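*Asks:* Please see the structure below; I have some questions.
The values are calculated or read from the model by the stated rules, or taken from the named source; none is laboratory data. Owing to the predicted nature of the structure, the values given are computational and were not obtained by experimental measurement. Cβ atoms come from the backbone with ideal geometry, glycine included; neighbour counts cover every protein chain shown. Accessible surface is based on the protein model in full, side chains and every heavy atom, while ligands, DNA and RNA are left aside. Shrake-Rupley method; radii C 1.70, N 1.55, O 1.52, S 1.80 Å.
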Amino acid sequence: MAAAAAIPLGYLVVRVADAGADRAWQALWRERTWELAVNSAVLVGLVSAGCLVLGVALAWLLTRADLPARRLWWVLASLPLAMPSYVAAFAWLATWPGIHGLWPLTAVMVLACLPYVTLPTMAAFRLADQGLSDVARTLGRGAAGTFLTVTLPQVLPAALAGTLLAALYTLSDFGAVSLFRYEAYTWAVHAAYQGTFDRTLAAVMALVLAVLALLVVLAERAARRRAGRGAVATVRTTAPAAPVRLGRAGTVAALVAMTALAAASLAFPLTVLAGRLAAATRVEIDWAGLGESALSTVTLSTAGALLTVVLALPIAHLAARRRTRTVAALEGVSYLGHALPGIVVGLSLVFFSLRVVPGLYQSAAVLCFAYAVLFLPKAIGATRAAVERTPPAVEEVARTLGRSALRTWAGVTLRHAAPGVAAAALLVAVTAMKELPATLLLRPTGVDTLATELWQRTAVGAYGAATPAALALVLVAAVPAWLLSRPERIRR
Amino acid sequence: MTLELRRLVAGYRTGPVLHDVSLDVEEREFVSVLGVSGSGKTTLLRTVAGLHRPDSGRIVLGGRDVTGLAPERRRIGLVPQEGALFGHLTVAQNVGFGLRGGRWPTRSRPARIAALLDLVGLADHGRRMPHELSGGQRQRVALARALAPEPDLVLLDEPFAALDSTLRAGLRDQVRAVLRESGTAAVLITHDQDEALSLSDRVAVLSGGRIVQTGTPRELYRSPRTGWLARFLGDALLLPGRTDGTLVSTPLGRHEHAATDPGEVTVVVRPEQLALSADDAYDGPAAVVDRIAYFGHDQVVHLTLPGGDSARARVGAGVDLTPGARVRVRLTGPVHLVGTGT
């Protein structure tokens, strides 16, 4: 199963090697390659820094400060997950067609990626040991010093893991980048694939992009190893901290800031879309086409989610129960999809299916497989945590009561894990609905999902015609996102 | 006087938890605050440490009024449950965490850290990470960390509760010895009466947010103010009695007690005050042995008294008894009286 996750990268290497070293070098050593890489790196750096700072601050406000209507803010903080970055980008562009380039793009990406940092950091703040802060205070550190030396090290591993997700999302983002006409690497890979018939160039560029993504992962690991020593061994000793009172001015400032964030990331795009839709009723809406796209979006993402969860279950079970080197390696390989941008997986699967299983080229099966490769890590993470909820002692008791190993697993472990597994499937489904570049490359001929339809219309400047698809996409994706963001889930 | 608590009232939105708590801790003294969970002892500790603001009352430390002072400026050390070591710092860095500012110039710190690790018997563990230590070692590091900046007072929040019983006894003695050697006054928060009685110079019993009695372990055990206190501080049989002022009559006979007004009273009898004889060597009332809990060093014999009351006698392990046997019971020594209805 884990081997499946390694197919795309492996095949890409084979494809480049086939083309011959000369041509590969030629493609690699163009000045343009490096220009694009620097563009991508600058974008990723800015978005990561923005998400880290804003995300930690927001998570602190949402967990530690004494704010009115906390649950509402929790939901608002996680809902941007349902808003694909290119839909947000579309909304801004539809309002001000003139904005382009790095800074607006950075702003849109930070708004879109913020929940990746906020949500895990909130959980870390809630788990952070208040006893440690108490001790630090009695040892002579002030409130700010305690936060920096004691609390921050406890939440930093979670915040960095979230920042990694944001960085990878940004690096592999294709829709927003191309809408804002920023010459990032993904945009160039797509252009090389579509624009020229030189598939070698596209393959080489995809490989470079994969290497960039792996570098991000390695950087995060190094940073987390240094920061993460504190995550081990501390046992929670006291009740959760009393909420911090911000005072009237502080509360107002915090509420204004959070309202502005919610407005920019949710209310503004939705309002623009709704307004556009109202204006577009004069134009004929292609209801049949829209329904068809929505249906194929739901079908493809559901099938992809099911396949992903089925692949993830055995790996997650092994990872939760048997910590051996082989299992750790297996799990590591499965996480490759995490680092591989959708366009890289899409492109390599195009090559792979053409060469190895031509009959499946541009079939729904290959697309579902691409979803599985891309989102396996998400599913494993959630499923593994769910499996770990069943203590091994409970399984052992079931065995002594006469259940076979398999029946124990199905009747006890899986039963306990079911909510987590369902959450994993939802998570994959919502991500697959929004996925653009791989879907664009691999979708069966003649089939459009809401995401591809939106992108195609926008690419030719038909903002009015694109609106129904954008709105439908947000609505469809909001259902699983809302299910995932319910407060009791965050609190756990 | 090191610590003076004057009429402290503290609580949360749901209402006050501490009502009018006053307590003194002398220099170098070890005082335990003993209470069941929910009695307010954690709130008391957090209030003294400065982590919780009292509604009224004063906290005076070494002559300074620290009531409104931030915790970092009070010079009160804290040893929380399970240590709460900083997991991202080494043992030595944990101990050195509070060594800052002009009082502790950088050059003086390593020696201070080494001295404290030596004091708690972990001289060669400075480079370890907290997760590499056992539970008892973590508690000792936490104590060294609290003592490092030479606080005026150390607060110990049930530091032994999470350890298993064999480890606990050894660590209690060690902690007590370390505190004696450093000469730091300490307040121990605990729900374990054995721990409070065996470690402390004085014990304050907290119940329902009020201090119900303060005294040396001996005073508290021998002369509890109420029947509830008598039972809380150890096993006790409460018998009805009638006194003429110096002698009290109970189902077990007539006994001496400290002079008081005549009338109806409740008599506190400790299990070790009862002696048993299987061969009618005493002329006390006869009782029936129900069952025996044998501890090796002694045994507790559960009895049914003539009136139907049950009682427990703690007797030497040498006495051979079997359930169902008839024994004579004798109450030795003077008894302690509490008012009826308590």
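*Asks:* Go through segment A:102-136 and give me each residue that's of a type in the set (G, A, S), away from chain B (no Cβ under 14 Å) and open to solvent by less than 20 Å² (accessible area, probe 1.4 Å).
*Replies:* Initial filter on segment A:102-136 (of a type in the set (G, A, S)): A:107, A:112, A:123-124, A:128, A:131, A:133, A:136.
Right, trim to away from chain B (no Cβ under 14 Å) and you get A:107, A:112, A:123.
Result: A:A112, single match.
*Asks:* Still on this structure: I'd like the full set of residues that are surrounded by fewer than 22 Cβ atoms within 10 Å (Cβ to Cβ) and assigned to a helix (DSSP H, G or I), limited to segment A:137-150.
*Replies:* Scanning segment A:137-150 gives A:A143, A:A144, A:G145, A:T146, A:F147, A:L148, A:T149.
*Asks:* Still on this structure, I have one more. Among the listed residues B:L229, B:L233, B:L220, B:L188, identify the single one that is hydrophobic (A, V, I, L, M, F, W, C) and either modelled with pLDDT under 90 or over 20 Å from B:G339 (Cα atoms) (or both).
*Replies:* Working: B:L229 fails: either modelled with pLDDT under 90 or over 20 Å from B:G339 (Cα atoms) (or both); B:L233 fails: either modelled with pLDDT under 90 or over 20 Å from B:G339 (Cα atoms) (or both); B:L220 fails: either modelled with pLDDT under 90 or over 20 Å from B:G339 (Cα atoms) (or both).
So the residue among B:L229, B:L233, B:L220, B:L188 that is hydrophobic (A, V, I, L, M, F, W, C) and either modelled with pLDDT under 90 or over 20 Å from B:G339 (Cα atoms) (or both) is B:L188.
*Asks:* Would you list the strands (runs of 3 or more DSSP E) that sit entirely within segment B:201-267 and hold 3 or more residues that are surrounded by 21 or more Cβ atoms within 10 Å (Cβ to Cβ) and either more than 14 Å from the chain's Cα centre (by Cα) or free of Cβ contacts under 8 Å to residues at least 24 places away in the same chain (or both)? Explain how you work it out, then say what you get.
*Replies:* On the way: elements: B:202-207, B:210-215, B:237-243, B:247-250, B:253-256.
Filter on segment B:201-267 gives B:237-243.
*Asks:* Just for segment B:315-327: of the residues that are open to solvent by less than 90 Å² (accessible area, probe 1.4 Å) and not in a loop (DSSP other than H, G, I, E, B), which one is farthest from B:V300 (Cα to Cα)?
*Replies:* Applying the filter and picking the extreme gives B:V327.
*Asks:* Taking the stated definitions as given, is B:G98 facing another protein chain (nearest Cβ under 9 Å), touching a helix residue (DSSP H, G or I) at 6+ places or on another chain (Cβ under 9 Å), on the phi < 0 side of the Ramachandran plot and at pLDDT below 90? Full working, then the answer.
*Replies:* On the way: facing another protein chain (nearest Cβ under 9 Å): yes; touching a helix residue (DSSP H, G or I) at 6+ places or on another chain (Cβ under 9 Å): yes; on the phi < 0 side of the Ramachandran plot: yes; at pLDDT below 90: yes.
Yes: the conditions hold for B:G98.
*Asks:* Could I ask something else about it? For residues that are open to solvent by less than 10 Å² (accessible area, probe 1.4 Å), part of a helix (DSSP H, G or I) and over 26 Å from A:A451 (Cβ atoms), tally how many sit in segment A:39-98.
*Replies:* 2
*Asks:* What number of residues in segment B:283-306 are assigned to a loop (DSSP other than H, G, I, E, B) and either open to solvent by 50 Å² or more (accessible area, probe 1.4 Å) or modelled with pLDDT of 90 or more (or both)?
*Replies:* Total satisfying the criteria: 4.
*Asks:* Same structure, new question: Of everything in segment A:123-136, what is in a helix (DSSP H, G or I) and under 30 Å from the mean Cα position of the chain (by Cα)? Give them in sequence order. Quick ask: steps written out before the conclusion?
*Replies:* Step one: list which residues in segment A:123-136 are in a helix (DSSP H, G or I), which gives A:123-127, A:130-136.
Listed by number, the residues that qualify are A:A123, A:A124, A:F125, A:R126, A:L127.
*Asks:* Take the residues in segment B:76-95 that are touching a strand residue (DSSP E or B) at 6+ places or on another chain (Cβ under 8 Å) and either more than 7 Å from chain A (Cβ to nearest Cβ) or open to solvent by less than 40 Å² (accessible area, probe 1.4 Å) (or both); name whichever of them is nearest to B:R6 (Cα to Cα).
*Replies:* Looking only at segment B:76-95, we keep the residues that are touching a strand residue (DSSP E or B) at 6+ places or on another chain (Cβ under 8 Å), and these are B:76-81.
Next cut, either more than 7 Å from chain A (Cβ to nearest Cβ) or open to solvent by less than 40 Å² (accessible area, probe 1.4 Å) (or both) only: B:76-80.
Values: B:I76: 17, B:G77: 20, B:L78: 21, B:V79: 23, B:P80: 24 Å.
Among those residues, the one meeting the criterion is B:I76.
*Asks:* OK, next. If B:R73 meets every condition in (1) more than 8 Å from chain A (Cβ to nearest Cβ); (2) under 33 Å from the mean Cα position of the chain (by Cα); (3) open to solvent by 60 Å² or more (accessible area, probe 1.4 Å) apart from one, which number is that one?
*Replies:* Checking B:R73 against (1) more than 8 Å from chain A (Cβ to nearest Cβ); (2) under 33 Å from the mean Cα position of the chain (by Cα); (3) open to solvent by 60 Å² or more (accessible area, probe 1.4 Å), the one that fails is (1).
*Asks:* Right, next: What number goes with the only condition from (1) buried (at least 23 other Cβ atoms within 10 Å of the Cβ); (2) outside any strand (DSSP E or B); (3) not aromatic (F, W, Y) that B:E27 does not pass?
*Replies:* Single failed check for B:E27: (1).
*Asks:* Then there is this: List, please: which pairs have Cβ atoms under 7 Å, are six or more places apart or on different chains, and start with a residue in segment A:293-308 that is open to solvent by 10 Å² or more (accessible area, probe 1.4 Å) and end with one that is of a type in the set (S, T, Y) and not in a helix (DSSP H, G or I)?
*Replies:* Close Cβ pairs (under 7 Å, with a partner that is of a type in the set (S, T, Y) and not in a helix (DSSP H, G or I)) amount to A:S296/A:T449; A:L300/A:T449.
*Asks:* Now for a separate question. Failed condition for B:L61, given (1) over 21 Å from B:R180 (Cβ atoms); (2) out of contact with any Phe, Trp or Tyr (no Cβ under 9 Å at 6 or more places or on another chain), with all others met?
*Replies:* Condition not satisfied by B:L61: (1).
*Asks:* Something else: So, in segment B:24-43, of the ones that are in contact (Cβ under 8 Å) with a residue 24 or more places away in the chain and over 15 Å from the mean Cα position of the chain (by Cα), which residue ends up nearest to B:V205 (Cα to Cα)? Outline the logic, then answer.
*Replies:* Here is the first cut: in segment B:24-43, the ones in contact (Cβ under 8 Å) with a residue 24 or more places away in the chain are B:25-37, B:39-43.
Now narrow it down to the ones that are over 15 Å from the mean Cα position of the chain (by Cα): B:26-28, B:43.
Working: B:E26: 17, B:E27: 20, B:R28: 20, B:T43: 14 Å.
Step by step, filter segment B:24-43, then rank; the result is B:T43.
*Asks:* If we only count helices (runs of 4 or more DSSP H) wholly inside segment A:329-418, which ones have 2 or more residues that are modelled with pLDDT of 80 or more and under 20 Å from the mean Cα position of the chain (by Cα)?
*Replies:* Here the list reads A:342-355, A:364-388.
*Asks:* Restricting attention to segment B:122-134, which residues are open to solvent by 50 Å² or more (accessible area, probe 1.4 Å) and within 27 Å of the chain's Cα centre (by Cα)? Let's see the steps before the verdict.
*Replies:* Narrowing segment B:122-134 to residues open to solvent by 50 Å² or more (accessible area, probe 1.4 Å): B:123-124, B:127-128, B:131-132, B:134.
If the condition is that a residue be open to solvent by 50 Å² or more (accessible area, probe 1.4 Å) and within 27 Å of the chain's Cα centre (by Cα), then B:S134 is the only one that fits.
*Asks:* Sticking with this structure for a sec: Give the residue, chosen from B:D157, B:D152, that is touching a strand residue (DSSP E or B) at 6+ places or on another chain (Cβ under 6 Å), of a type in the set (D, E, K, R) and within 10 Å of chain A (Cβ to nearest Cβ).
*Replies:* B:D157
*Asks:* Only one of these is among the small types (G, A, S) and more than 14 Å from chain A (Cβ to nearest Cβ): B:S32, B:S37. Name it. Break it down stepwise before answering.
*Replies:* Values: B:S37 fails: more than 14 Å from chain A (Cβ to nearest Cβ).
Exactly one of B:S32, B:S37 is among the small types (G, A, S) and more than 14 Å from chain A (Cβ to nearest Cβ), namely B:S32.
*Asks:* To continue, here is another question. Mind counting the residues in segment B:45-66 that are among the hydrophobic types (A, V, I, L, M, F, W, C) and either over 17 Å from A:T138 (Cβ atoms) or away from chain A (no Cβ under 14 Å) (or both)? Quick ask: steps written out before the conclusion?
*Replies:* Residues of segment B:45-66 among the hydrophobic types (A, V, I, L, M, F, W, C): B:45, B:48-49, B:51, B:59-61, B:66.
When the remaining residues are screened for being either over 17 Å from A:T138 (Cβ atoms) or away from chain A (no Cβ under 14 Å) (or both), the result is B:60.
Residues flagged as among the hydrophobic types (A, V, I, L, M, F, W, C) and either over 17 Å from A:T138 (Cβ atoms) or away from chain A (no Cβ under 14 Å) (or both) within segment B:45-66 amount to 1.
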